[in-house]
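Note sheet for the following structure.
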Amino acid sequence: MTPNSTEVVRRSLGRIGSYVFVCVITLFFALPMVWLVLTPFSTSPSYRVPSPSFTLHNFRDVAHNPYALGSLKNSLFLALGTMVLVVVLAALASYALSRVRIPGRDALLYALLLLSSIVTGTATMVPIFVMIYQLNLINTQTGVVLVMTGGLLPAAIFIIKDFMDAMPRSLEESARVFGASPLQILRHVVTPVVRPGLATIAVWAVVNVWGNFLLPYILLQDPGKQPGAVIMFNFYDEGGQPDFGLIAAFSLIYSIPVVVLYLVINKRYGFRFQGGIKG
Amino acid sequence: MRVTRRASAYVIGLVVISVVATGCVGAKKNNADKKRNATAKNVTLVIGSNSIKGGKNTEGAVHTLDYTIPKFEAMEKAKGVNVKVTFQGSGADDEIYKQRLALSLKVGGGPDVFSMDGIWLGEFAQAGYIKPLDQVVGSSVGSWDGWSQISSSIMQNATFGGQRYGIPSGTDGRILYFNKKLFAKAGLPATWQPKSWADIIAAGKALKKLPGITPLQIDAGTAMGEATTTQGFLPLLAGAGQLIYDDKTKKWQGATPAVKNVLSFYQQIYSGGLGDPKLQEDQNGRDQSFAAFSQGKVGVLAESDYLWRSVICPDKSKCNTTAMPDRNQTVGFALIPAMKPGSGVAGQNFVSISGGGDEVINPNTKYPQQAWELMQFMASKASVIAGLAGTAQITERSDVNAEVLKNDPLLSFINTKVLPITRFRPGLAVYSTTITTAIQQATLDVVTGKSVGQAAQTYQQTVEKAVGANAIQTG
Amino acid sequence: MTGVFLVFPALWTVYIGLLRYSLTGVSASAPTFRGIHNYTDALRDPLFRNALKLTIFFVLLSAVIGQSMLGFAIAWRMRRSNAITRSVVQTLVLLAWILPSTVVVFLWQALLSRNDGTLNALLRSGSTDWALSHPLATIVVFNIWRGTAFSMLLFSAALAAVPNSQLETARLVGASGLQQLRDVVFPHIRGHVLTNTLLISLWTFNDFTPYLLTGGGPNHRSETLPVYVYNVALKGGQLGFGSAISLIMLLINLVVALFYLRLLRERRRA
């Protein structure tokens, strides 16, 4: 065998290998989702991925459940409220942190990032509950939005700051020469450049709120105000057996908004986490 | 640069303010006046319960929404009082509902009248979250005519430290269910009533010869949670002659002979191929055991009347995939025997454990008198009967039980045969935080192959750490 | 706001960590001061040590090795793929990341179910109960599935910034694929590797989702630290002890973060 043909064999083996890799990856990530796509339309829903059958019966059940549809509206409110707060505050804070040089700046950021991990734990449920109660925000969606924002903000700042760092200063300098105020610079010069970052953070915030169960359950006591993630846990019958039809159909409905949001953002801005070459 | 400094100054300021503000949280509202707002013309009350329309315990929620609230409001209206009652439903795990309830009561909030598991009574009372009815409403509580209908056995579930904290709402009892078809195939009688643990093992061995069958299902392990303790360990312990907590000596069971006997029984079942050890470790093991029993794949199952009413009922629209249309012909039931005849607690031949819920008044309610009226209305004969919606269940009221249980063989069996011999679990915080998990762990250790002695020793160490060496009875 | 909703609950947690304090029972109305006893108890508790060990394995296997390597591999492979393949694969990986966790739990239960599971049907493996027989592997694979998207996105952006000319040159002098990675690509993306590893390590360390899949079982074999805290604080009601463990977790996070920061700084200096 000539060295050249070894090379050819090696190349084609490599190529086959890389196609196999793509197939395996696709299969691995797609497999759990098959249930989500097929079961909502099945006439006999269970854990088993159904043989083909088609019915909209399960969706009718969702429409008849007294809380299912209202919970979608609640989820939307919580997610959008948190998203707006996180994006605005993260933009302001990360701009400030990226542009000023104070000692211990990075340390502060890392400290906040670490604290955010403790706040999401169950041990802090008591302080959070008492605080929200004292602020008279118990059983209000505002309370949930504020706590979620507090927990998500550090990581959001961390990610956006990276976009800010990557932005050339010359742009701001020239704006300043023309007499623009810091806020104007932020709005008209910085924001357009870091927009992909903000869009990414927005999706990320929505996704986090959308799936959260414990916090809204503890803070919102009226089922009419609870988001879909909480209401979903009601879909069990007396014997503790899950109502698969209801769960599957609702899961699909509940997943669609985040997926659509992602697709829209991805198409318009590109979904990414990095501003440029990281220094 | 200045901007950030100012920002951080704000942050620090806010922290200080919030710390100071919450420092004052301790000051609770003074609610000593039992007659406060007793003559108010406009009253709002909230009923809280872990049930929700279209989900968990939907009948209960529907009863509150469609019967209790409109009827009670109309009744008060006739008296010239404008009462607005709202229902705060929930459909979560009991543990999470309990945490939220405790948090609400802790800060002085929460529904005015709420339902809770009787087992939480002691820990809520010790924490000061709930108070005896006499203290919340006044001595007029004693004159309610409903008390005479509630047996002293059921009343235990709403009593703590000799004080009445609420009105019990029904009770239950643990028994052994068995599949008569499988029993016939294994040559066992359709009127099976074991008299000792050895009889249960013997039946298990006979059933083991049938292919694809789990002979016995006695809940074990941590994944089954409280079911392990209530359906399995505690009735067996009572059959070995001991209660987990002795009210008189104030001592918990350590690695006593009774505890070791119970663990040995578990070992006989799970290492002898008479039970399915894997199922005990499964997160959804209990639900799976229900499903398996309803499909005729389990010989004997220890459970409460809940199984009969809500899991394997013949009605497909209610019991869904686990419904057994031929339940009354296929499923037999028997009392749980003591280890040997007469070896049970107080010399009993048969034993059981019961539980049940309570309706309780929030000590912080603005309208204690009206809340008490609402509670009496909820526990009135008419309301309790309406709440059953044509189904049968053991209620707290003897007059209701006499009417509704007679057509249900199992429920009248529990009402007449089980309730007189049953025991309740100790409603102390340390039970639900430590003891029950230590028990679950001990059974799990045995199921996964550790020796009885080892499992009992670990159990005793855990209990001793929690209650102290003086409050434990050792071997 | 971050101050109120972040710093304050955290400080309170530190304080509670010093008390014998529970949500119900006697110690709810009269918490007693225990000083550092909660901490010494935790360090002596075999279940805590078990949870710590599992968490370290969980982070190393699923985040540091699993998510980073797979994320990088996908990003690297996608550079040479056509637009359709690329968008299909990337969308699938991202879907796994953005689906609500309440929904994801059902998807995985359906996949792994003992009797009706998709996996058992595909592998013809009878009624194997994957979550029971391989609990740690289950949550590791699950976390890789759930979180690879972040690494993939980060490395895609990073690789886009590697100048093609340098790769071209490397190829011309006959460098193999691995050599190209080591000598040309890696120096460019070292910063990304570190940032990525830091973030996913912290997230995985504090991730509670394994609970929804295995409940920490069987017999504590998948009980990572967040699950352990949940079981102690919520199910067991021992808030003081739970808070103490939360603080220990925070300190571990801190050590990990400092370690990465040091690496990052050394790289800058170099």
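Only one of the numbered conditions (1) within 19 Å of residue B:450 (Cα to Cα); (2) not in a helix (DSSP H, G or I) is violated by residue B:210, and that is (1). Please enumerate the residues belonging to segment B:402-438 that are out of contact with any Asp or Glu (no Cβ under 8 Å at 6 or more places or on another chain), farther than 20 Å from residue B:118 by Cα and not charged (D, E, K, R). Matches in segment B:402-438: B:402, B:404, B:405, B:407, B:409, B:412, B:413, B:416, B:438.
Here residue B:189 meets each of (1) in contact with a strand residue (DSSP E or B) (Cβ under 7 Å, 6 or more places away or on another chain); (2) under 22 Å from residue B:351 (Cα atoms); (3) outside the structural domain of residue B:132 (by TED's automatic domain parsing); (4) not hydrophobic (A, V, I, L, M, F, W, C) with one exception, condition (1). In the set A:85, A:69, A:137, A:89, only one residue is surrounded by fewer than 22 Cβ atoms within 10 Å (Cβ to Cβ) and touching a Gly at 6+ places or on another chain (Cβ under 7 Å); that residue is A:137. Filtered by the rule that a residue be away from chain C (no Cβ under 11 Å), more than 17 Å from residue B:396 (Cα to Cα) and not in a strand (DSSP E or B), segment B:109-126 gives B:109, B:110, B:111, B:112.
Would you please name the residue that is nearest to residue B:425 (Cα to Cα), looking only at residues in segment B:353-381 that are in contact with a Pro (Cβ under 9 Å, 6 or more places away or on another chain) and assigned to a strand (DSSP E or B)? Among those residues, the one meeting the criterion is B:353. If you check B:130, B:167 for being touching a strand residue (DSSP E or B) at 6+ places or on another chain (Cβ under 8 Å) and within 14 Å of chain C (Cβ to nearest Cβ), only one passes: B:130. Kindly indicate whether residue A:131 is within 8 Å of chain C (Cβ to nearest Cβ), under 17 Å from residue A:214 (Cβ atoms), in contact (Cβ under 8 Å) with a residue 40 or more places away in the chain and aliphatic (A, V, I, L, M). Taking the combined requirement at face value, the residue does not satisfy it.
Considering only residues in segment C:119-137 that are surrounded by fewer than 20 Cβ atoms within 10 Å (Cβ to Cβ) and in contact with a Leu (Cβ under 7 Å, 6 or more places away or on another chain), the one that is farthest from residue C:62 (Cα to Cα) turns out to be C:119.
The residue that is surrounded by the fewest Cβ atoms within 10 Å (Cβ to Cβ), among those in segment B:162-187 that are of a type in the set (Gly, Ala, Ser) and under 19 Å from the mean Cα position of the chain (by Cα), is B:170. Residues that are surrounded by 20 or more Cβ atoms within 10 Å (Cβ to Cβ), more than 11 Å from every other protein chain (Cβ to nearest Cβ) and assigned to a helix (DSSP H, G or I) do not occur anywhere in segment C:18-28. The single condition among (1) surrounded by fewer than 14 Cβ atoms within 10 Å (Cβ to Cβ); (2) assigned to a loop (DSSP other than H, G, I, E, B) that residue A:180 does not satisfy is (1).
Restricting attention to segment B:386-413, the residues that are closer than 16 Å to residue B:150 by Cα and surrounded by 17 or more Cβ atoms within 10 Å (Cβ to Cβ) total 9.
The set of residues in segment C:147-198 being in contact with a His (Cβ under 9 Å, 6 or more places away or on another chain), loosely packed, with under 13 Cβ neighbours inside 10 Å and among the β-branched types (Val, Ile, Thr) is empty.
Evaluating residue A:145 against the criteria (1) within 22 Å of the chain's Cα centre (by Cα); (2) among the aliphatic types (A, V, I, L, M); (3) closer than 26 Å to residue B:106 by Cα; (4) at the interface with chain C (Cβ under 9 Å from one of its Cβ atoms) leaves one unmet condition, (4).
Of the residues making up segment C:194-213, those that are in contact with a Phe, Trp or Tyr (Cβ under 9 Å, 6 or more places away or on another chain) and within 10 Å of another protein chain (Cβ to nearest Cβ) number 13.
Report, ordered by the first and then the second residue, all pairs with beta carbons closer than 8 Å, sequence separation of six or more or different chains, a first member in segment B:119-148 that is on the phi > 0 side of the Ramachandran plot, and a second member that is not in a helix (DSSP H, G or I). What qualifies is B:138/B:34; B:138/B:35. Once segment B:430-445 is narrowed to residues that are more than 23 Å from residue B:344 (Cα to Cα) and touching a Phe, Trp or Tyr at 6+ places or on another chain (Cβ under 9 Å), the residue that is surrounded by the most Cβ atoms within 10 Å (Cβ to Cβ) is B:432. Taking the criterion of being within 11 Å of chain B (Cβ to nearest Cβ), in a helix (DSSP H, G or I) and not basic (Lys, Arg), would at least one residue in segment A:197-204 satisfy it? Within segment A:197-204, not a single residue is within 11 Å of chain B (Cβ to nearest Cβ), in a helix (DSSP H, G or I) and not basic (Lys, Arg).
Looking across B:274, B:237, B:263, one residue alone is in contact with a strand residue (DSSP E or B) (Cβ under 8 Å, 6 or more places away or on another chain) and either outside the structural domain of residue B:180 (by TED's automatic domain parsing) or in a helix (DSSP H, G or I) (or both). It is B:237. Among the residues making up segment B:204-232, those that are of a type in the set (A, V, I, L, M), under 16 Å from residue B:182 (Cβ atoms) and surrounded by 23 or more Cβ atoms within 10 Å (Cβ to Cβ) are B:207, B:216. In a residue-by-residue description of segment C:192-209, the property of being more than 13 Å from the chain's Cα centre (by Cα) and among the aromatic types (Phe, Trp, Tyr) applies to no position.
Note on segment B:410-449: residues that are without any contact (Cβ under 8 Å) to a residue 24 or more places away in the chain and either facing chain C (nearest Cβ under 10 Å) or under 16 Å from the mean Cα position of the chain (by Cα) (or both) total 1. Summed over segment B:278-328, the residues that are hydroxyl-bearing (Ser, Thr, Tyr), more than 7 Å from every other protein chain (Cβ to nearest Cβ) and part of a helix (DSSP H, G or I) give a count of 4.
Taking the conditions (1) assigned to a helix (DSSP H, G or I); (2) touching a residue at least 60 places away in the same chain (Cβ under 8 Å) in turn, residue A:173 satisfies each one other than (2). For segment B:161-178, a residue qualifies if it is under 20 Å from residue B:372 (Cβ atoms) and among the charged types (D, E, K, R), and exactly one does: B:164.
Scanning segment C:199-218 for residues that are surrounded by 19 or more Cβ atoms within 10 Å (Cβ to Cβ) and without any contact (Cβ under 8 Å) to a residue 24 or more places away in the chain yields C:211, C:215, C:216. The residue list B:139, B:104 contains one member that is surrounded by fewer than 20 Cβ atoms within 10 Å (Cβ to Cβ) and modelled with pLDDT of 90 or more, which is B:139. Put simply, of C:92, C:132, C:123 the only residue that is at the interface with another protein chain (Cβ under 7 Å from one of its Cβ atoms) and farther than 18 Å from residue B:288 by Cα is C:92.
The values are calculated or read from the model by the stated rules, or taken from the named source; none is laboratory data. Keep in mind it's a predicted model, so treat the numbers as computed, not measured. With ideal geometry, Cβ positions are generated from the backbone for all residues, glycine too; neighbour counts draw on all protein chains shown.
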